[in-house]
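Trainee: I have a structure I would like to understand better, so I am pasting it below and will then ask my questions one at a time.
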Amino acid sequence: MFSQNQQQINSKNTKRSMLMFLLLLMVFGPWCVGAQYPCAFMDSVNITGSYPHEASLASNGDEVVSNHSYIYKWMVVPPDLVAIYDFIMVNGQRVNTARHLRACVCRLKPCIRFCCNPGFYYSLENNSCLVLPTNDTTNIDHEAMPVRFKNGSTLAVNSSSHFLVNIGAPCENMSLVLKDNNRVNWILHENGSVIHKQRYLSKHYCYTPLPVNKDKDEENTSWEWEPLTCVPDRFPFVLGVREWTYAICLIITVICMIIVLFIYLLCTEIRNTFYGVAIKTYTLCIIIGYSLLAHLTLTNPLDISKYACGKIPVFAMLYLILSFYILTFISFNFYLSFFGIVLSKLMFWFMFFPTVLIAACWSFFVSYTSYNNRPVFGNDICWFDPRNYSIVVYFYTPIIVACIFSGIFYILSLIRIGEMTNGDSTKMSIFTTHNRFQSFWIFVGYTLFAWLICICSFAINYYRGDHTHINYVVCLFVAFHGFGSMHALLGKNHQVQQFLRRIDDDMDNDDMAEISVPMTTYS
């Protein structure tokens, strides 16, 4: 007797546990489903506020029957097609938003998308919906779409009954597909896909009426349905001859800068001066910056981690901007030297480190900044996007500011040189400084000319619609930057030339000493 009562109690407890489990599953089931997304975002719709299937109690009152489904446009959406989303897709970019329910309704019924509401058409010039003319437009009714069926027949069907209709352009910019400047004869199939020969559109398109024979008289203009496609927004990675040429020219300049750095490390008369330390630091910045640019040019962004894609350009930008401000320090040093003020290498580091801090803050600020609702770095290109002006705002502007300061000190130095007396100008120290000044500004001229070509190339390509800052002219002048540096900093600097001649003479003397050693014959 006791055993039977115990079994009944255990049975009731088990049923109560199952009841509680099913009730919790009803409440939290959709959130569990949301752990994975059962379909692409374009195939889903927001069903927040839709009616769920009500749970019902069985006749014995102990069991709960529920399929955890939702009702959307008189369709039952099963739980495996429902998920919790915390984002939406805007122009191909993931944008975080409040958590909401979405259902993959396009898995249940074919979907079709219209760019605009009835009575409107999508203007390719304005990228927006405009009101249709008031003339007869019965041939562009939403409810009469020609559809190709599996048996090969084409019938005009009621779009709202055969398809699930979505309104709105899927992307910010839409385009009309043309072949030989003529429109393509797209065919709408019963599964909602738009096909022309081997071209297949299933999601990122929308239908709009467009004029066929546009006449000045709107009454004589005929309209037809045309699918528009999303303008490819992802910047394609291309590794062709131009990219390889650009990377090779960058490496050539890096090799030239390594040679300059090596010579300035050996030249005892220069290496410990303000000028020598500044030139060595400049060459290091160019070596690192250009090497990183060559790496970014030759590497597919898909093969780089998201973190590296966002941080490598930060350091490239940092070193390249620093290189121009080092030129400003040298210009300032020359201006003071013509007044007899000599700055030591310690003064260079006092000027350099605060500038590094400011430039680093600026570079990392850019890395966390968006331009046109897109991150500056780390998106689909690991450098500045040539389709917008972000490179002008964040990169070229600080460089131009540095060049302006250098130009001011250059003009002031020329004025000071003109004011110096003949007695002052005949001093050996002034002669040496003046020679450095000339060789340095020849080098600065080469550098500014090479970078001016880069800026002009970007501007010309941008207005031409060729969205790249790399072309063969840029490649040529990047290499010119390296060769010009060797010519000006090594060939035009008398102290460097004297140092190289001494090395050459020492080598010649060693050779002569070996020749002059008497030969002893041993028997």
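The values are calculated or read from the model by the stated rules, or taken from the named source; none is laboratory data. Please read all numbers here as calculations on a predicted model, not as lab measurements. Virtual Cβ from ideal backbone geometry, glycine too; neighbours counted across all protein chains shown. The area values use the complete protein model at the heavy-atom level, side chains included, leaving out ligands, DNA and RNA. Shrake-Rupley method; radii C 1.70, N 1.55, O 1.52, S 1.80 Å.
Trainee: Collect the residues in region 368-403 that are part of a helix (DSSP H, G or I), open to solvent by less than 20 Å² (accessible area, probe 1.4 Å) and within 30 Å of Val95 (Cα to Cα), keeping them in residue-number order.
Mentor: Selection gives Ser390, Ile391, Phe395, Tyr396.
Trainee: Which residue out of Asp424, Asp504, Asp510 is open to solvent by 40 Å² or more (accessible area, probe 1.4 Å), modelled with pLDDT of 65 or more and among the acidic types (Asp, Glu)?
Mentor: Of Asp424, Asp504, Asp510, the one residue that is open to solvent by 40 Å² or more (accessible area, probe 1.4 Å), modelled with pLDDT of 65 or more and among the acidic types (Asp, Glu) is Asp504.
Trainee: So if I check each of Phe339, Phe365, Phe353, Phe348, which one is at pLDDT below 95, among the aromatic types (Phe, Trp, Tyr) and surrounded by 15 or more Cβ atoms within 10 Å (Cβ to Cβ)?
Mentor: None of the others qualify; the one that does is Phe348.
Trainee: Would you pick out the residues in region 264-279 that are in a helix (DSSP H, G or I) and surrounded by 19 or more Cβ atoms within 10 Å (Cβ to Cβ)?
Mentor: The answer is Tyr264, Phe274, Tyr275, Gly276, Val277, Ala278, Ile279.
Trainee: Shifting gears a bit: Working only within region 204-215, note down all residues that are assigned to a loop (DSSP other than H, G, I, E, B) and either at pLDDT 70 or above or open to solvent by less than 10 Å² (accessible area, probe 1.4 Å) (or both).
Mentor: Across region 204-215, the qualifying residues are His204, Val212.
Trainee: Can you confirm whether Ile417 is surrounded by 15 or more Cβ atoms within 10 Å (Cβ to Cβ), within 23 Å of Tyr446 (Cβ to Cβ) and modelled with pLDDT under 90?
Mentor: yes
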